[in-house]
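Before any comments, here is the structure.
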Amino acid sequence: MQLKAATLLSLAVAAAIAGPAQAAEEFSNLINHGKATLEAHYRYEHVDQDNPLNNANAQTLRSRVSLQSGKVYGFSGLVEADNVSRIGDASYNSTRNGQTNYSVVADPDGTEINQALLRYDHTKGNAVVGRQRINLDNQRFIGSVAWRQNEQTFDGGLAQLKPITGMTLTYSYIDNVNTIFGPDNGRFDNKTNPANIDGHSHLFNAQYIALRDFRGAPQLTLTGYSYLLGLDNIAVNLAAPLGSLSSRTNGVRALGNIGAFSILGEYAKQDDYGDNPLQLDTNYYLGELGYTWDGILFKAGYEVLGGDDSADNRAFQTPLATKHAFQGWADVFLTTPADGIEDAYVGVTAPLWGGQLQAWYHDFDAEQNSTSYGSEVDLSYGHPITAVPGLVGLVKYATYDADTPVLRGNVANVDTDKFWLQLQYTY
């Protein structure tokens, strides 16, 4: 409330200085330079797992209305509302509909304010207060999970300072996370999938473009971060206590580009934070090499999330990440197994017939021992449908082949096939 009051006072002072005529003209920009956006996002998702659950077949539609104001003295506002509705039969477990004899498709029905924020922009940075989307770096630790129909957003404040060319300092305070499982809880939710995660989290991220080429494109980007997550009402698994996902993650990241090559290296250490009853002490490593040839991007990487030999799951976790983008699209490892995970992967992204083709292969092993979890193949093709401006189609498939039937830490590990057909329209 204090920040909002200060913002309104700043607007009033600026208007008084500018004079009545200029102030009226400036304030009219809020509407005259505003923009309304409508989106419709249809998805069919099929899930087939080698377990007693019935195959899932989900058809859902997300409708989104966004109202973005113009700017006055650097201030602007955004309100965005989402509705997710089921189409046809509920032959899937949305985590809220009670269809627990089906595989999970985590797209519950509901209507929610996805974003509602006030923003200030300056040549040296910006500040945002309210419900907002936050994506840091590659979203491995903090992201909006835009793949799911109900996006993950954050209630709090964010400030970015750009004191010198190439440097961006980011701080965010979060007191509530609106998860993909919302907007509502009910009798079918549990402590691993609350609609809202309460707590007090602090995000620090410092990025510096240390080297550019003659065209101004970054050649070396260095990042340091510290994410202090106080997550009070969520647990790492059903057997674990609440608060067991509260953690402090400190890390460094370096991304270099040399001609057609890109090189990425990252290290992070995670320990317990806040009221976490578990003692955490695990590490994260990432190494990735990319090469671009004639518009085709080839990548190979090796990612490690450390495990722990204790009876409960104290492995390296990323509870606020956009997890679908990592460790395979079949989403088998949304929770890191207790023995940790090593993911060796290769992939290609290529333009094809006016669209984009992706193909990836992953090989998964335990970090704590020589156990092989399994392997996965992912394929996707997206293409604009030019007959309807604003319409984009996507076909996507993931197949996971399990080597070890069940992992410690209540993480199911079975053969899994998923197929998606998606249409997105933006007006």
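The values are calculated or read from the model by the stated rules, or taken from the named source; none is laboratory data. Everything numeric in this text was worked out from a predicted model, so none of it was measured. Cβ coordinates were reconstructed from backbone atoms using ideal geometry, including for glycine residues, and neighbour counts include every protein chain displayed. To get the accessible areas, we keep the full protein, side chains included, count just its heavy atoms, and leave off ligands, DNA and RNA. Shrake-Rupley method; radii C 1.70, N 1.55, O 1.52, S 1.80 Å.
Just one of the listed residues (ALA300, ALA315) is in a strand (DSSP E or B), over 28 Å from MET167 (Cβ atoms) and aliphatic (A, V, I, L, M), namely ALA300.
Scanning region 291-340 for residues that are of a type in the set (A, V, I, L, M), touching a residue at least 24 places away in the same chain (Cβ under 8 Å) and within 22 Å of GLY143 (Cα to Cα) turns up VAL304, LEU305, ALA315, LEU320, ALA321, ALA325, ALA330, VAL332. Look at (1) out of contact with any Pro (no Cβ under 9 Å at 6 or more places or on another chain); (2) open to solvent by 10 Å² or more (accessible area, probe 1.4 Å); (3) in contact (Cβ under 8 Å) with a residue 24 or more places away in the chain; (4) not polar (S, T, N, Q) and you find that ILE142 fails only one, number (2). Screening region 209-229 for residues that are touching a Gly at 6+ places or on another chain (Cβ under 6 Å) and more than 19 Å from GLN317 (Cβ to Cβ) and picking the one that is least open to solvent (accessible area, probe 1.4 Å) gives ILE209.
Of the residues making up region 341-374, just one is under 30 Å from ALA311 (Cα atoms), open to solvent by 20 Å² or more (accessible area, probe 1.4 Å), in contact with a Phe, Trp or Tyr (Cβ under 7 Å, 6 or more places away or on another chain) and free of Cβ contacts under 8 Å to residues at least 40 places away in the same chain, namely ASP365.
For every residue, the table says whether it meets (1) farther than 20 Å from THR416 by Cβ; (2) more than 23 Å from the chain's Cα centre (by Cα); (3) in a loop (DSSP other than H, G, I, E, B).
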residue	(1), (2), (3)
TYR44	no, no, no
VAL47	no, no, no
ASN51	no, yes, yes
VAL65	yes, no, no
SER76	yes, yes, no
ASN97	yes, yes, yes
ASP107	no, no, yes
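For every residue, the table says whether it meets (1) farther than 13 Å from ASP155 by Cβ; (2) open to solvent by 10 Å² or more (accessible area, probe 1.4 Å); (3) in contact with a Phe, Trp or Tyr (Cβ under 8 Å, 6 or more places away or on another chain); (4) not acidic (Asp, Glu).
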{"site": "PHE181", "(1), (2), (3), (4)": "yes, yes, no, yes"}
{"site": "GLY186", "(1), (2), (3), (4)": "yes, yes, no, yes"}
{"site": "ASP198", "(1), (2), (3), (4)": "no, yes, no, no"}
{"site": "ALA206", "(1), (2), (3), (4)": "yes, yes, yes, yes"}
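For GLN99, the criteria (1) touching a residue at least 12 places away in the same chain (Cβ under 8 Å); (2) crowded, with 18+ Cβ neighbours inside 10 Å; (3) not charged (D, E, K, R) hold in every case but one, which is (1). Checking each residue in region 145-160 for being free of Cβ contacts under 8 Å to residues at least 60 places away in the same chain, surrounded by 16 or more Cβ atoms within 10 Å (Cβ to Cβ) and over 30 Å from TYR425 (Cβ atoms) picks out GLY156, GLN160.
The conditions of being assigned to a strand (DSSP E or B), out of contact with any helix residue (DSSP H, G or I) (no Cβ under 7 Å at 6 or more places or on another chain) and either open to solvent by 20 Å² or more (accessible area, probe 1.4 Å) or at positive phi (or both) are met by THR292.
Residues in region 119-131 that are touching a residue at least 60 places away in the same chain (Cβ under 8 Å) and out of contact with any Phe, Trp or Tyr (no Cβ under 7 Å at 6 or more places or on another chain): VAL129 alone.
Looking at THR404, THR416, THR336, THR386, just one residue is farther than 27 Å from LEU289 by Cα, open to solvent by less than 20 Å² (accessible area, probe 1.4 Å) and among the hydroxyl-bearing types (Ser, Thr, Tyr), and that residue is THR416. Taking the conditions (1) among the hydrophobic types (A, V, I, L, M, F, W, C); (2) open to solvent by 50 Å² or more (accessible area, probe 1.4 Å); (3) more than 24 Å from LEU158 (Cα to Cα) in turn, VAL236 satisfies each one other than (2).
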